[in-house]
Structures are given as C-alpha cells and as structure tokens.
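Visitor: I'd like to ask some things about the structure below.
The values are calculated or read from the model by the stated rules, or taken from the named source; none is laboratory data. Remember, it's a predicted structure, so these values are computed and weren't measured experimentally. We place every Cβ from the backbone using ideal geometry, glycine too, and count neighbours over all the protein chains shown. Please note that ligands, DNA and RNA were not included when accessible areas were found on the heavy atoms of the full protein model with its side chains. Shrake-Rupley method; radii C 1.70, N 1.55, O 1.52, S 1.80 Å.
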Amino acid sequence: MKVSKLLLGAVLVIAIGAPIAGFVGDIKLPRSSIPTGEPIAFFHGLGSTPAVSPSGLASLERADAWLNSPPLSASALRGKVILVHFWTYTCINWLRTQSYLRAWAEKYKDKGLVVIGVHTPEFRFEKNLDNVRRETKALRVDYPVAVDSEYVIWRAFDNNYWPAQYFIDAQGRVRHTHFGEGSYDQSEMVIQRLLMEAGADGIGDGLVTVEPRGFEIAADWATLKSPENYVGYERTEGFASPGGATRDTSHTYEVPGRLSPNNWALSGDWTVKRDAVELNKPNGRIAYRFHARDVHLVMGPAAPGTSVKFRVSDR
C-alpha cells in the first residue's frame, strides 16, 4: 500500500537572540508603567542589526502578490501612519506577536493606521503562494499582506529578522523600529504618537488588552532552557542518531538509549534534506529532549491534499 510521506520542516521551541532595546528616530517615549513580565526582543534572523533604508516603502510596489487587499503603493499610502512588519508563517516568534498586531490594526484602522504584513519565507515551502494564502486565513491575518518570496522588500528595508516592525509616519519616514517579541506597550505608544502628529482625533492613551490563545501565548521565560533548532542538515544541532545524518538519501535511523538535553534523533526510514526531513515508511519516530513548557514542530504531508496520522508522546 502506498504511504503518504510526512515532511518535517523545522523544530521550533524559541529563537533566542541578542536583546535590542531603545527607540530610533526622533520619538522618545518613557517605558510603560504597566508591568508585562516580558523580556525584550526575542527573534531569529539572518544577520546583524539592520539600518533602515529610505527606499523600503517604495519597494511595496514590487511585491509578488497581495492578499486581503489590492496592491498598495507609497503614493497611495501618503498621509497614513504605516506599520510594516516582516513575518513568515512558521515563525513562532512572529506568531506570538500576532494577537497584538491584529488588535492594533482593528483599533486604529479608522484613525489612519495601515498595518501591512510582508511575508518573506524562511523555508522553501513557504514560497508556495497557496501555502501562504491558506496560512494567512488560518492564522487570522486580516490586514493587507505583501508576498515577498524573493526578498525584494526585505532587502529594500535592509531587514534581517522575523519578526521585525517598522513604524512609518504620515510623511513616509521610518520613525521607530522593533525587532522581536515584546515591548508591546511601547510600540502602541509609538502608534498613538504618530497618529496624533498626523492630526487624528480621539486617540487617547489607553492600550489594547489581548488574550492570546494556543501558540500565540508567550513562552514561559522562567523555565525555558531550549533554543530553536532545525531538522534539516544545513542548520541542525544536536542530531544524535548513531552514525549521524546521511544526506539526501533514504536511510534507516535509530534513537539512542539516552538523549542529552537539546539533542534529537530519528527512528525508522527517513531522508534528511537540507531544510527538512522526510519519512519514507510508516512507524517512523522523532525524539527530542527539550526543557520548555511546550515545543512547536513545523510538519505536514509531502503531497498537498493528503494527510498523515501522527501521535505525540512525552516519554
């Protein structure tokens, strides 16, 4: 009997990055007195702290496609306050910001704020427009989305991180940036300040209250001891199956008798690829020893429209 293959894209627990704090441009706001209990800026990405490019907003016209909106341009957005944020649908760090982005877009849409999500893929399967369209709907991303599969907008902003937020005033100037999770109160205060500068009335100083659910809930920072990891051979760490990984070839793996913390292993017939692993026969297993409240695994069937049964065990 033919078996649907299972494709595992990446193991995501939490991406740990160097903290980035402070405001750029000419906005100087005090830190909120509302305690959030959150650390600053947890993100993952491709390089060092970016410099903001003035050509960023104009690059929106070079998006591969637009979702939830007709194409938007810098000229059409003139006079609006804009929050451009970079995301990719498998990024757990972005997923945990989404409840705030959604709330800001709804609260300030009639005050002159336009939230634009730039979807720039980390993995090859995230370039598939059907996948992006499906996940945009499933994740309740209701604001405009510019699809940036070739990194055109990403490069124009000199961006390096998911998630990354660029706050742009009514004159088209980037006035503030934030990279990673957290600092939600401060970010909303920036939005309020820019809207008031643009002449919006009735902004006030009240902040949104959100109730994240599922994977949108922030990590339990106090107990987190496992970093982000990947299952493809290009970026993985701690692969512990005896003999190591056989690249791009079907191979039978075993899980060792004991896994060290933050190590992982395969059991069964798998093909380890550059950015994913693929199960070739039934009854395969992936084991991962981690220390965190929960673990997030990017996975799915290799063929669209098919399904694969799986079971999660904590032993």
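Visitor: Can you list residues whose amide H is under 5 Å from ARG293's amide H, if they're 5+ apart or on another chain and H is modeled 1.01 Å from N?
Guide: When sequence neighbours closer than 5 places are left aside, the close amide H contacts are ASP220.
Visitor: If I compute solvent accessible area with a 1.4 Å probe over the protein chains, what percent of it on region 101-189 is carbon and sulfur?
Guide: 46
Visitor: Could you tell me the calculated FRET efficiency between ALA222 and LEU297, based on Cβ-Cβ distance and R0 = 30 angstrom, to the nearest 0.05?
Guide: After rounding, the FRET efficiency stands at 0.85.
Visitor: Pop out the ³J(HN,Hα) list for region 300-315 in order, Karplus 6.51 cos²θ - 1.76 cosθ + 1.60 with θ = phi - 60°, rounded to Hz; leave Gly and Pro as x.
Guide: 3J(HN,Hα) across region 300-315, in whole Hz: x, x, 5, 9, x, x, 9, 9, 9, 6, 8, 9, 9, 10, 9, 8.
Visitor: What does the C-alpha gyration tensor say about the overall shape of region 60-117? Classify as rounded when a/c is under 1.5, otherwise prolate if a/b is larger than b/c, or oblate. Mind dumping the intermediate values first?
Guide: On the way: a/c = 2.39, a/b = 1.22, b/c = 1.96.
It is oblate, given that a/c is not under 1.5 and a/b is not larger than b/c.
Visitor: How far is it, in nm, from the label point at LEU259 to the one at ARG173 when both lie 7 Å from their Cα along the line to the Cβ?
Guide: 5.2
Visitor: Let me ask something else about it. Using packing as a proxy for protection, rank 187-200, 128-141, 154-167 so that the peptide with the highest average count of other Cβ atoms within 10 Å comes first.
Guide: Order by mean packing, descending: 154-167, 187-200, 128-141.
Visitor: May I ask you to give the solvent-accessible area per residue for region 176-285, in square angstrom, as obtained with a 1.4 angstrom probe?
Guide: Details: 5420 Å² over 110 residues.
Accessible area per residue: 49 Å².
Visitor: Another question, then. List the pairs from LYS137/LYS273; LYS80/LYS109; LYS111/LYS137; LYS80/LYS107 whose alpha-carbon separation is above 20 Å, in the order I gave them.
Guide: The pairs that break the limit, which is 20 Å between Cα atoms, are LYS137/LYS273; LYS111/LYS137.
Visitor: Also: Would you tally the net charge around GLU106, using a Cβ to Cβ cut-off of less than 13 Å, leaving GLU106 out, and scoring K and R as +1, D and E as -1?
Guide: That works out to +2.
Visitor: Once a ≥ b ≥ c are taken as the square roots of the eigenvalues of the Cα gyration tensor of region 185-302, is the result rounded (a/c under 1.5), prolate (a/b larger than b/c) or oblate (a/b not larger than b/c)?
Guide: It is prolate, given that a/c is not under 1.5 and a/b is the larger ratio.
Visitor: Same structure again: Can you list the residues, at least 5 places off or on another chain, whose amide H is less than 5 Å from the amide H of HIS176, using H built in the peptide plane?
Guide: Long-range HN contacts for HIS176: PHE167.
Visitor: How fast does region 115-159 diffuse by Stokes-Einstein, in µm²/s, taking the Kirkwood radius from C-alpha pairs at 20 °C and 1.002 mPa s?
Guide: Details: Rh = 10.9 Å.
Using the Kirkwood radius from Cα pairs, D works out to 196 µm²/s.
Visitor: Here is a follow-up. Just to verify a number: FRET efficiency for PHE215 and ARG315, C-beta to C-beta distance, R0 = 22 Å, to 0.05?
Guide: Plugging the Cβ-Cβ distance into 1/(1 + (r/R0)^6) gives 0.40.
Visitor: Still on this structure: Rg (Å, one decimal) plus Dmax (Å, integer) for the alpha carbons of region 65-173?
Guide: Calculated on Cα positions, Rg and Dmax stand at 13.0, 38 Å.
Visitor: A further question follows. For region 142-215, how big is the tail of P(r) above 17 Å, as a whole percent of Cα pairs?
Guide: Value for region 142-215 (Cα pairs over 17 Å): 59 percent.
Visitor: Still on this structure, I have one more. Roughly how big is region 65-222's charge dipole about its Cα centre, with Cβ charges of +1 (Lys, Arg) and -1 (Asp, Glu), in debye to the nearest 20?
Guide: With Lys and Arg at +1 and Asp and Glu at -1, about 380 debye.
Visitor: Name the long-range amide H neighbours of ALA65: under 5 Å, sequence gap of 5 or more, or other chain; modelled H, no Pro or chain starts.
Guide: Here VAL147 satisfy the definition.
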